[in-house]
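Please read the structure below before turning to the comments.
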Amino acid sequence: MPTLNVFDKYLDQDGPAALVIREQLMPVEGPDGVLFPATFAAGDGFQGGYNIDPDPLGSNVCLIDSVGSQANRIEPLFMRDKYLHLVPQIIIQAGQKEVHLLEAGHRAGDAIVRCSELQQKLQDAFRAVLKGNAEPLAKIAPTSLVFGVWDSRDTQAKLPRLIASTIRAFNVRALYRGAVYIPPLDYVDEGLIDPELDSGEGKNNPLSVKGFKHNPASHSHGGIIATGGIRRDASLGLAALRLLVVDKADDRTRALQRYILGLCLVAFTANTSSYLRQGCMLVRNPEKAHDDEFVEVYSTGERKKINLIHEETLEFATVAAKAFGVGESYKISFDKDRALKNILGEGEEKSKSKRGKKVGASEEK
C-alpha cells in the first residue's frame, strides 16, 4: 500500500510543470483504414462537417475527438464499481429519469443540479472558490476540479482543466459516399397512396421523407484516411493543480491536493474505450510505439520518462481519498419550484465584481 507522500514531488513548487502522454493510434482495420471523425454544425463561417485545418505548406490536421468529448468519455469512469469509493455519487431524479452528476453536461454548474436541494451548497462552494478555497467544491464535485468547471449561470467561478486530452489525425484524405433507399414497391403505381402527395424532390417530397419513395443521399461524409498518422495528446497540469488551496491551512491544502492528484492520476492512466463512434474505433499503433511518450515536463523544458501503473495510482488515490474524507453521496430530486425561480433569475449571484473574478480558465463542457 503506497504512502500518502509517494507523489508529493508533483505537489512541490520545484516539481514538474506537467505530465504528458503522446500515443500513436490507428483504426482497428489498420494504419490505412478509414475512420469517421467527429462532425460539427455550421456556424461562424464554418460550413459544417469534419473539422480539418489546412496548412499553408499543404498538410492538414483533422480533429478526431475534442477536449470536451474526451473529458466526457473519461469522467464517468468514477461511476464504475472499481472507483465508486473515490468520489461522491450524486444522482438527481428528474421525472422518470435518473441523471448522475458525472453525466450532466456542465457537471457542478449544470441546471439540473442547480435546481435541487444542493443549490445552496453548490453556490456556497463556488463562492468559496472565488475566495481561494476549493475544499467545499471538492466535497461535492471533486471531478469538476479535475476536468474544469465554470459556473457560468450564477457566480461565474471558473476552474481550469487539469487533464486535457485530444485526438487528431494528420495529412488526411477526406472521402465521400453515396446511397439510395429503394422501397419494396411503388406505392403510387399500386394505388396505395394518392399521387397528389408525390410532389417535390428529395427532402421536399413527403413520400421520400417518410420512406415511401426512392431517396438518394449523394456526396455525404465518407470518413478519412490519415496518411500522416493519428495521435492522442494528453496533459496533466501539475502547475495548475498546485494552485488549489484551502484558505491558508497548509495541512488541509496538502490533503486536498493529494486527493485531487490521486483522481487525476487514476483518470490519466486509465484505459478509456477504443470506441469513439460508429466507424471510429482506435487502438495503439505498435509500428509507431517508439514515438509514444509518457514524460514529466519541467519548467526548464527538461523531459523525464516515467512509467505509472494504473493500479498503483488507484491504490494511492484510495489512500489520499480516505485521508481527505470523501464527501457525502446523495440521491435527490429535481425541484420544479427552484427551476422556475432560476429561470426568472431569482437567487442568482448579482455582484458585478464577483462576476469578473475567476480562478484559472476553462472551456465550458
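No value in this document is a laboratory result; all are computed from the given coordinates. Since this is a predicted model, take the numbers as computed values, not measurements. Ideal geometry is used to build each Cβ from the backbone, glycine not excepted, and the neighbour counts take in all protein chains shown.
When both bridge partners sit in the chain, DSSP labels roughly 95% of those beta bridges antiparallel. Of the peptides 265-275, 171-181, 128-138, 189-199, the ranking by mean beta-carbon count within 10 Å, highest at the top, reads 128-138, 265-275, 171-181, 189-199.
Legend: calculated FRET efficiency, residue 120 to residue 272, from the Cβ-Cβ distance at R0 = 30 Å, rounded to 0.05, equals 0.30.
Model label points for residue 79 and residue 9, set 7 angstrom from Cα along the Cα-to-Cβ axis, are 3.7 nm apart.
Any of 9/288; 82/158; 121/331 with alpha carbons more than 25 Å apart? Name them for me. Walk me through the numbers before you get to the answer.
On the way: 9/288 31 Å; 82/158 30 Å; 121/331 15 Å.
Table pairs above 25 Å Cα-Cα are 9/288; 82/158.
Match the structure shown to one of the listed values (i) 136; (ii) 212; (iii) 123 of volume of the Cα convex hull per residue in Å³, computed from it, and give that label. Only one listed value fits the structure, namely (ii).
Got the relative contact order for the chain handy, in percent, Cα pairs under 8 Å and 6 or more residues apart? Let's see the in-between values first.
Details: 681 pairs, mean separation 115.5, N = 365.
Relative contact order here is 32 percent.
For residue 346 and residue 328 in the same chain, what is the full-extension length gain: residue separation times 0.36 nm, less their Cα-Cα distance, in nm? Intermediate values should be presented prior to the final figure.
Details: separation 18, 0.36 × 18 = 6.48 nm, distance 2.73 nm.
Computed gain between residue 346 and residue 328 is 3.7 nm.
Screening the chain for whole DSSP H helices of 18 Å or more along their axis (Cα) with average Kyte-Doolittle hydropathy at least -0.5 returns 250-269, 310-324. Based on DSSP H segments of at least four residues, each scored -39500 (n - 2.57), the chain has a per-residue ellipticity at 222 nm of -6500 deg cm²/dmol. For the chain, a simple Cβ point-charge model (Lys and Arg +1, Asp and Glu -1, everything else neutral) yields a dipole of about 1300 debye relative to the Cα centre.
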